[in-house]
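J.: Structure provided below as structure tokens; questions to follow.
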Amino acid sequence: MRAEAGLSLSGLSKMVHYTKGYLSKIETSDKLPSPELARLCDAALNAGGALISLLSQVPTPQADPAPGRDERMPDIGGHMRSLAGAPDGLAAAAREEVTVDVFRALFNQAVDLGELVSSRVVLPTVTTNANTLWSLALVAPGSTRSSLTKLAALNATYAGWLALEAGDDHAAQWWSRTAVSLAKLVDDADLVAYTLIREAGVAVFRDDPGHVLALAARIEGNPRISTRYRGIAAHRLAQGHAMLGEYDQCRRALDRSMILLPAATEPPTFDGAILPPMANGGSRVGGVIAGWCLYDLGRPEVAVEILERELVRIPSSHRRAGARFGARRVLAHAAAGEVDHACVLAHELLDTAAVVDSATVRMEFRRLARTLARWHTHQAVRELSPRLAAAARTAGQRPPGVTRPVS
């Protein structure tokens with residue numbers, strides 16, 4: 001493809017910011033390219049995802065699954081049947097509207113706290129509340145059953161995201177699928193769409209574009225779902241296409257999201273339960289998602305322009321979202337060859353990242369470390385490397401059982 005484009009190795013080297021010698025080893029199969037290099041070369045050569053697809057076909061060693069973990073879909077009905085003989089006190093609480101009010105307030109507080117501190121602090125509360133609400137809904141009368149089930153689904157959805165942030169991919173997937181199953185028990189198309197969107201978000205960080213696209217496609221064409229959630233689904237479609245290097249499909253999905261999504265207004269709610277920041281759509285989200293996608297499409301210079309403009313629109317109180325998209329901005333600067341500026345931004349970001357303790361942010365830091373390794377003799381890189389290495393591997397110990405759902 002390089003030869004057909006009339007490019008020398010030196011010419012391609014300047015475009016992707018890798019040395020000519022390293023690219024030569026890739027072409028002669030002496031080295032396997034990283035996903036980042038595959039995306040950059042795919043974009044530089046207008047390959048339309050072909051190079052990314054080739055890399056995805058290379059077998060990689062698969063880790064053995066952890067013992068005792070079941071990959072099957074959760075049996076919601078079986079769990080419900082097991083709790084049929086709930087104590088009278090549980091049934092009494094399930095009849096009270098105040099029970100719904102209290103758990104709604106607890107969910108909103110957990111969402112606020114989850115933006116400010118480590119997910120490991122919030123996760124035990126959210127998983128406990130999800131299971132408790134689940135149990136209450138089983139014995140609730142019709143007047144409160146729907147509200148309790150919706151809150152159980154929202155807590156399960158949030159538990160999936162927090163588990164991902166805590167680095168427990170299995171629990172993240174389990175809770176996300178459980179949330180979808182719970183949402184289907186109530187006649188609320190938007191709630192089902194929301195849980196599917198959040199499951200697709202987990203799939204983004206599991207590097208599973210096929211699953212991302214399959215989940216998002218179930219939402220976009222459903223007329224029962226509001227334009228807001230179809231717009232957010234278009235964001236997920238854009239991310240899935242970007243991961244596959246499909247530029248045109250990605251841009252079309254981003255364009256659809258801009259048409260469907262409202263301008264930034266009050267966040268949507270489900271019966272008064274406020275959704276986590278950056279999960280509720282709006283123009284503020286669309287900009288940073290576009291920047292995120294363009295990096296994945298191997299166009300870091302354009303990604304930098306967009307992320308620099310859009311990140312200032314994320315409130316300072318949204319630390320987790322700011323750290324995640326801020327890390328992507330640093331990565332885009334580095335991939336664009338702006339090494340000194342990337343190092344300055346990384347130093348500023350590391351303090352915030354330490355507070356939120358995010359596995360998804362650490363993933364970005366590991367990518368940044370690999371990218372900057374090409375300039376390992378550079379003074380700014382040498383000064384940053386120890387802090388970056390520590391941040392990329394730091395992970396608190398998971399408290400026993402807190403991310404494991406009740407089976």
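The values are calculated or read from the model by the stated rules, or taken from the named source; none is laboratory data. Since we're looking at a predicted model, the values are computed, not measured. All Cβ positions, glycine included, derive from the backbone under ideal geometry; neighbour counts span all protein chains shown. Only protein heavy atoms, including side chains, enter the accessible area calculation; ligands, DNA and RNA are left aside. Shrake-Rupley method; radii C 1.70, N 1.55, O 1.52, S 1.80 Å.
J.: Is region 369-379 home to any residue that is over 21 Å from residue 315 (Cα atoms) and open to solvent by less than 30 Å² (accessible area, probe 1.4 Å)?
T.: yes
J.: All but one of (1) crowded, with 20+ Cβ neighbours inside 10 Å; (2) touching a helix residue (DSSP H, G or I) at 6+ places or on another chain (Cβ under 6 Å); (3) more than 30 Å from residue 366 (Cα to Cα) hold for residue 119; state the number of the condition that does not hold.
T.: (3)
J.: Within region 133-144, restricting attention to residues that are in a helix (DSSP H, G or I), touching a residue at least 12 places away in the same chain (Cβ under 8 Å) and open to solvent by 30 Å² or more (accessible area, probe 1.4 Å), which residue is nearest to residue 197 (Cα to Cα)?
T.: Initially, region 133-144 is screened for residues in a helix (DSSP H, G or I), giving 133-139, 142-144.
Subsequent filtering for residues that are touching a residue at least 12 places away in the same chain (Cβ under 8 Å) retains 133-139, 143-144.
If we keep only those that are open to solvent by 30 Å² or more (accessible area, probe 1.4 Å) as well, we get 138-139, 143.
Numbers: 138: 26, 139: 29, 143: 28 Å.
My answer is 138.
J.: How about region 160-248: which helices (runs of 4 or more DSSP H) wholly inside it have at least 1 residues that are among the basic types (Lys, Arg) and over 29 Å from residue 57 (Cα atoms)?
T.: Hits in region 160-248: 227-243.
J.: Tally the residues that are without any contact (Cβ under 8 Å) to a residue 40 or more places away in the chain and open to solvent by 10 Å² or more (accessible area, probe 1.4 Å), restricting the search to region 228-239.
T.: The qualifying residues number 3.
J.: Right, next: Within region 145-167, restricting attention to residues that are open to solvent by 20 Å² or more (accessible area, probe 1.4 Å) and among the charged types (D, E, K, R), which residue is farthest from residue 186 (Cα to Cα)?
T.: Residue satisfying both the conditions and the ranking: 145.
J.: In addition: Are any residues in region 1-39 touching a residue at least 12 places away in the same chain (Cβ under 8 Å), of a type in the set (D, E, K, R) and either in contact with a Phe, Trp or Tyr (Cβ under 9 Å, 6 or more places away or on another chain) or open to solvent by less than 40 Å² (accessible area, probe 1.4 Å) (or both), and if so, which ones?
T.: 36, 39
J.: Mind listing whichever residues of region 300-327 are surrounded by fewer than 23 Cβ atoms within 10 Å (Cβ to Cβ) and among the basic types (Lys, Arg)?
T.: 309, 313, 319
Okay, residues lined up against (1) crowded, with 20+ Cβ neighbours inside 10 Å; (2) over 29 Å from residue 52 (Cβ atoms):
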| position | (1), (2) |
| --- | --- |
| 169 | no, no |
| 187 | no, yes |
| 194 | yes, yes |
| 202 | yes, no |
| 207 | no, no |
| 210 | no, no |
| 226 | no, yes |
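J.: Assess whether residue 9 counts as being at pLDDT below 90 and not β-branched (Val, Ile, Thr).
T.: When the stated conditions are applied, residue 9 does not pass them.
J.: Okay, moving on. Name the helices (runs of 4 or more DSSP H) wholly within region 13-101 that hold at least 3 residues that are modelled with pLDDT of 60 or more and in contact with a Leu (Cβ under 8 Å, 6 or more places away or on another chain)?
T.: Where helices (runs of 4 or more DSSP H) fall fully within region 13-101 and carry at least 3 residues being modelled with pLDDT of 60 or more and in contact with a Leu (Cβ under 8 Å, 6 or more places away or on another chain), they are 20-27, 35-44, 50-56, 88-95.
J.: Quick one: which of 358, 317 is farther than 25 Å from residue 246 by Cβ and touching a Ser or Thr at 6+ places or on another chain (Cβ under 9 Å)?
T.: 358
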